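A.B. asks: First, the structure itself, so that you have it in front of you.
The values are calculated or read from the model by the stated rules, or taken from the named source; none is laboratory data. This is a predicted model, so every value here is computed, not measured. Counting neighbours? That spans all protein chains shown, and the Cβs are built from the backbone with ideal geometry, glycine included.
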Amino acid sequence: MKERERGVVSGMVVLMLLFWLGFLFHRSPRFAGSFWGGMLAVAGTLLMLVPLAYLIVKRIPPLKKAATRRVSMQTLLVLHIYAGVLGPILVILHTGHKFESPLGVALTAMTLVVVLSGFAGRYLMNQFRQTIGEKKEILTRLEAAYRQTAGELADHPEQMAALRPLAGFSGRLAAGLLVATPGFGPGAVSVSVRALQLAESMADLEYAIKTHENFKRWFGQWLKWHIVISFILYALLALHIWAGIHFGLRWFS
(Lines give C-alpha, C1' and ligand atoms only; values in the text may rest on other atoms or scores of the structure.)
Protein backbone atom coordinates (compact mmCIF):
# COMPACT_ATOMS: atom_id res chain seq x y z
CA MET A 1 0.00 0.00 0.00
CA LYS A 2 2.82 2.38 0.85
CA GLU A 3 4.52 1.69 -2.47
CA ARG A 4 1.26 2.40 -4.30
CA GLU A 5 0.75 5.59 -2.31
CA ARG A 6 4.28 6.71 -3.08
CA GLY A 7 3.80 6.04 -6.78
CA VAL A 8 0.50 7.92 -6.96
CA VAL A 9 1.76 10.92 -4.98
CA SER A 10 4.99 11.02 -6.99
CA GLY A 11 2.95 11.12 -10.19
CA MET A 12 0.79 13.94 -8.79
CA VAL A 13 3.85 15.97 -7.80
CA VAL A 14 5.33 15.55 -11.29
CA LEU A 15 1.98 16.58 -12.78
CA MET A 16 1.93 19.69 -10.58
CA LEU A 17 5.41 20.67 -11.75
CA LEU A 18 4.43 20.12 -15.39
CA PHE A 19 1.33 22.31 -14.98
CA TRP A 20 3.47 25.00 -13.37
CA LEU A 21 6.00 24.88 -16.21
CA GLY A 22 3.13 25.33 -18.62
CA PHE A 23 3.62 29.10 -18.35
CA LEU A 24 6.51 28.67 -20.80
CA PHE A 25 4.00 27.76 -23.53
CA HIS A 26 0.63 29.12 -22.44
CA ARG A 27 -0.82 32.17 -20.72
CA SER A 28 -4.44 33.14 -20.22
CA PRO A 29 -4.65 36.51 -18.42
CA ARG A 30 -8.45 36.39 -17.96
CA PHE A 31 -8.91 32.73 -16.95
CA ALA A 32 -8.16 33.27 -13.24
CA GLY A 33 -11.08 35.69 -12.97
CA SER A 34 -13.48 33.58 -15.02
CA PHE A 35 -16.19 31.29 -13.66
CA TRP A 36 -14.20 28.09 -14.14
CA GLY A 37 -11.04 29.73 -12.90
CA GLY A 38 -12.92 30.75 -9.77
CA MET A 39 -14.30 27.24 -9.28
CA LEU A 40 -10.79 25.80 -9.47
CA ALA A 41 -9.62 28.41 -6.95
CA VAL A 42 -12.38 27.55 -4.47
CA ALA A 43 -11.89 23.79 -4.83
CA GLY A 44 -8.11 24.09 -4.57
CA THR A 45 -8.31 26.35 -1.53
CA LEU A 46 -10.68 24.00 0.30
CA LEU A 47 -8.35 21.06 -0.40
CA MET A 48 -5.34 23.06 0.79
CA LEU A 49 -7.14 23.65 4.10
CA VAL A 50 -7.34 19.89 4.74
CA PRO A 51 -3.66 19.70 5.81
CA LEU A 52 -4.26 22.60 8.21
CA ALA A 53 -7.22 20.73 9.71
CA TYR A 54 -5.05 17.62 10.08
CA LEU A 55 -2.35 19.68 11.82
CA ILE A 56 -4.88 21.10 14.28
CA VAL A 57 -6.59 17.76 14.99
CA LYS A 58 -3.27 15.99 15.52
CA ARG A 59 -2.08 18.48 18.13
CA ILE A 60 -5.28 19.09 20.11
CA PRO A 61 -6.06 15.98 22.22
CA PRO A 62 -9.86 16.47 22.50
CA LEU A 63 -10.20 16.93 18.74
CA LYS A 64 -7.89 14.00 18.08
CA LYS A 65 -9.88 11.75 20.41
CA ALA A 66 -13.17 12.75 18.78
CA ALA A 67 -11.82 12.31 15.25
CA THR A 68 -10.20 8.93 15.84
CA ARG A 69 -13.51 7.48 17.01
CA ARG A 70 -14.62 7.46 13.39
CA VAL A 71 -11.38 7.44 11.38
CA SER A 72 -7.78 6.53 12.14
CA MET A 73 -4.93 9.05 12.13
CA GLN A 74 -3.30 7.05 9.34
CA THR A 75 -6.36 7.63 7.16
CA LEU A 76 -6.31 11.31 8.03
CA LEU A 77 -2.62 11.42 7.11
CA VAL A 78 -3.37 9.90 3.71
CA LEU A 79 -6.11 12.50 3.15
CA HIS A 80 -3.64 15.18 4.24
CA ILE A 81 -1.12 13.98 1.64
CA TYR A 82 -3.51 13.65 -1.29
CA ALA A 83 -5.36 16.89 -0.57
CA GLY A 84 -2.04 18.67 -0.02
CA VAL A 85 -0.98 17.83 -3.59
CA LEU A 86 -4.31 17.92 -5.45
CA GLY A 87 -5.20 21.34 -4.00
CA PRO A 88 -2.06 23.04 -5.37
CA ILE A 89 -2.64 21.38 -8.77
CA LEU A 90 -6.10 22.99 -9.00
CA VAL A 91 -4.75 26.31 -7.75
CA ILE A 92 -2.01 26.36 -10.38
CA LEU A 93 -4.61 25.58 -13.06
CA HIS A 94 -6.69 28.45 -11.69
CA THR A 95 -3.88 30.94 -12.37
CA GLY A 96 -4.03 30.40 -16.13
CA HIS A 97 -0.23 30.73 -15.94
CA LYS A 98 -0.58 34.46 -15.28
CA PHE A 99 2.25 35.15 -12.82
CA GLU A 100 2.48 38.93 -12.84
CA SER A 101 1.63 40.28 -9.41
CA PRO A 102 4.25 39.91 -6.62
CA LEU A 103 1.62 38.32 -4.37
CA GLY A 104 0.64 35.77 -7.02
CA VAL A 105 4.27 34.88 -7.72
CA ALA A 106 5.05 34.55 -4.00
CA LEU A 107 1.95 32.44 -3.39
CA THR A 108 2.75 30.11 -6.30
CA ALA A 109 6.39 29.77 -5.27
CA MET A 110 5.50 29.04 -1.65
CA THR A 111 2.91 26.48 -2.75
CA LEU A 112 5.55 24.59 -4.72
CA VAL A 113 8.03 24.77 -1.83
CA VAL A 114 5.49 23.45 0.69
CA VAL A 115 4.44 20.54 -1.52
CA LEU A 116 8.02 19.57 -2.39
CA SER A 117 9.19 19.84 1.23
CA GLY A 118 6.30 17.68 2.41
CA PHE A 119 6.97 15.11 -0.32
CA ALA A 120 10.70 14.98 0.48
CA GLY A 121 10.14 14.73 4.21
CA ARG A 122 7.47 12.06 3.94
CA TYR A 123 9.26 9.69 1.58
CA LEU A 124 12.98 10.47 1.90
CA MET A 125 12.86 10.10 5.69
CA ASN A 126 11.21 6.69 5.33
CA GLN A 127 13.78 5.73 2.70
CA PHE A 128 16.62 6.69 5.03
CA ARG A 129 15.12 4.66 7.88
CA GLN A 130 14.62 1.63 5.65
CA THR A 131 18.13 1.86 4.18
CA ILE A 132 19.76 2.23 7.60
CA GLY A 133 17.80 -0.74 8.94
CA GLU A 134 18.79 -2.94 5.99
CA LYS A 135 22.46 -2.00 6.30
CA LYS A 136 22.45 -2.69 10.04
CA GLU A 137 21.01 -6.14 9.42
CA ILE A 138 23.77 -6.87 6.90
CA LEU A 139 26.37 -5.52 9.31
CA THR A 140 25.10 -7.83 12.04
CA ARG A 141 25.49 -10.84 9.76
CA LEU A 142 28.97 -9.74 8.72
CA GLU A 143 30.03 -9.30 12.34
CA ALA A 144 28.87 -12.85 13.14
CA ALA A 145 30.79 -14.20 10.13
CA TYR A 146 33.86 -12.20 11.13
CA ARG A 147 33.83 -13.56 14.68
CA GLN A 148 33.65 -17.09 13.31
CA THR A 149 36.48 -16.40 10.85
CA ALA A 150 38.59 -14.75 13.55
CA GLY A 151 38.20 -17.88 15.65
CA GLU A 152 39.47 -19.99 12.77
CA LEU A 153 42.32 -17.56 12.14
CA ALA A 154 43.41 -17.70 15.80
CA ASP A 155 44.89 -21.14 15.05
CA HIS A 156 47.41 -19.38 12.74
CA PRO A 157 49.02 -16.54 14.75
CA GLU A 158 51.85 -16.09 12.24
CA GLN A 159 49.29 -15.34 9.52
CA MET A 160 47.44 -12.88 11.74
CA ALA A 161 50.71 -10.96 12.10
CA ALA A 162 51.24 -11.04 8.33
CA LEU A 163 47.72 -9.66 7.68
CA ARG A 164 48.08 -6.56 9.90
CA PRO A 165 49.77 -4.41 7.21
CA LEU A 166 47.11 -5.36 4.65
CA ALA A 167 44.54 -2.66 5.30
CA GLY A 168 42.57 -0.53 2.88
CA PHE A 169 42.01 -0.92 -0.83
CA SER A 170 45.60 -1.94 -1.58
CA GLY A 171 45.33 -4.62 1.11
CA ARG A 172 42.38 -6.21 -0.66
CA LEU A 173 44.39 -6.32 -3.89
CA ALA A 174 47.42 -7.80 -2.15
CA ALA A 175 45.33 -10.43 -0.40
CA GLY A 176 45.03 -12.40 -3.62
CA LEU A 177 48.81 -12.74 -3.80
CA LEU A 178 48.88 -14.63 -0.50
CA VAL A 179 48.00 -17.80 -2.38
CA ALA A 180 51.54 -17.91 -3.74
CA THR A 181 53.20 -17.02 -0.42
CA PRO A 182 55.19 -19.86 1.26
CA GLY A 183 53.78 -20.96 4.60
CA PHE A 184 50.17 -20.25 3.74
CA GLY A 185 48.30 -23.51 3.14
CA PRO A 186 45.28 -23.40 0.79
CA GLY A 187 42.77 -23.68 3.63
CA ALA A 188 44.54 -21.12 5.77
CA VAL A 189 44.82 -18.68 2.87
CA SER A 190 41.06 -18.71 2.28
CA VAL A 191 40.45 -17.97 5.96
CA SER A 192 42.99 -15.11 5.90
CA VAL A 193 41.57 -13.52 2.80
CA ARG A 194 38.00 -13.95 4.07
CA ALA A 195 38.88 -12.21 7.34
CA LEU A 196 40.41 -9.28 5.47
CA GLN A 197 37.45 -8.97 3.11
CA LEU A 198 34.94 -9.14 5.96
CA ALA A 199 36.80 -6.43 7.88
CA GLU A 200 36.81 -4.16 4.84
CA SER A 201 33.12 -4.80 4.13
CA MET A 202 32.23 -4.01 7.75
CA ALA A 203 34.20 -0.76 7.60
CA ASP A 204 32.44 0.27 4.38
CA LEU A 205 29.02 -0.52 5.85
CA GLU A 206 29.73 1.38 9.06
CA TYR A 207 30.76 4.42 7.02
CA ALA A 208 27.60 4.15 4.88
CA ILE A 209 25.38 3.85 7.98
CA LYS A 210 27.04 6.88 9.56
CA THR A 211 26.52 8.91 6.37
CA HIS A 212 22.83 7.95 6.14
CA GLU A 213 22.30 8.77 9.83
CA ASN A 214 23.81 12.21 9.27
CA PHE A 215 21.35 12.79 6.42
CA LYS A 216 18.55 11.48 8.62
CA ARG A 217 19.42 13.95 11.39
CA TRP A 218 19.51 16.78 8.87
CA PHE A 219 16.15 15.83 7.42
CA GLY A 220 14.87 15.39 10.99
CA GLN A 221 14.31 19.14 11.03
CA TRP A 222 12.08 19.03 7.96
CA LEU A 223 8.81 18.83 9.91
CA LYS A 224 9.45 22.09 11.79
CA TRP A 225 10.49 23.76 8.55
CA HIS A 226 7.48 22.34 6.73
CA ILE A 227 5.07 23.66 9.37
CA VAL A 228 6.64 27.14 9.35
CA ILE A 229 6.49 27.57 5.58
CA SER A 230 2.96 26.10 5.56
CA PHE A 231 1.77 28.90 7.84
CA ILE A 232 3.51 31.43 5.58
CA LEU A 233 1.62 29.88 2.67
CA TYR A 234 -1.71 30.17 4.51
CA ALA A 235 -0.96 33.81 5.33
CA LEU A 236 -0.27 34.56 1.67
CA LEU A 237 -3.39 32.62 0.68
CA ALA A 238 -5.53 34.65 3.10
CA LEU A 239 -4.03 37.87 1.72
CA HIS A 240 -4.74 36.71 -1.83
CA ILE A 241 -8.39 35.94 -0.98
CA TRP A 242 -8.77 39.32 0.75
CA ALA A 243 -7.30 41.09 -2.29
CA GLY A 244 -9.69 39.23 -4.58
CA ILE A 245 -12.71 40.26 -2.48
CA HIS A 246 -11.45 43.81 -1.96
CA PHE A 247 -10.88 44.51 -5.65
CA GLY A 248 -14.02 42.70 -6.74
CA LEU A 249 -14.65 39.10 -7.71
CA ARG A 250 -15.39 38.38 -11.36
CA TRP A 251 -15.79 34.62 -10.93
CA PHE A 252 -19.58 34.53 -11.26
CA SER A 253 -20.02 37.32 -13.72
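Condition check ((1) among the aliphatic types (A, V, I, L, M); (2) farther than 30 Å from Trp242 by Cβ) across all residues:
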residue	(1), (2)
Leu46	yes, no
Pro51	no, no
Lys58	no, no
Leu76	yes, no
Ile89	yes, no
Ser101	no, no
Gln127	no, yes
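A.B. asks: Sort out which residues of the stretch 87-111 are under 13 Å from Leu17 (Cα atoms) and surrounded by fewer than 16 Cβ atoms within 10 Å (Cβ to Cβ), and write them in order of number.
C.D. replies: Within the stretch 87-111, just Ala109 meets the criteria.
A.B. asks: Between Lys65, Lys58, which is over 23 Å from Ser230 (Cα atoms) and in the same structural domain as Trp242 (by TED's automatic domain parsing)?
C.D. replies: Criteria check complete, one pass: Lys65.
A.B. asks: Okay, next question. Quick one: how many residues across the stretch 113-138 are surrounded by fewer than 17 Cβ atoms within 10 Å (Cβ to Cβ) and of a type in the set (A, V, I, L, M, F, W, C)?
C.D. replies: Counting residues in the stretch 113-138 that are surrounded by fewer than 17 Cβ atoms within 10 Å (Cβ to Cβ) and of a type in the set (A, V, I, L, M, F, W, C) gives 6.
A.B. asks: While we're looking at this one, here's another question. Could you figure out which of (1) of a type in the set (Ser, Thr, Tyr); (2) touching a Leu at 6+ places or on another chain (Cβ under 8 Å); (3) without any contact (Cβ under 8 Å) to a residue 40 or more places away in the chain isn't true of Thr75?
C.D. replies: (2)
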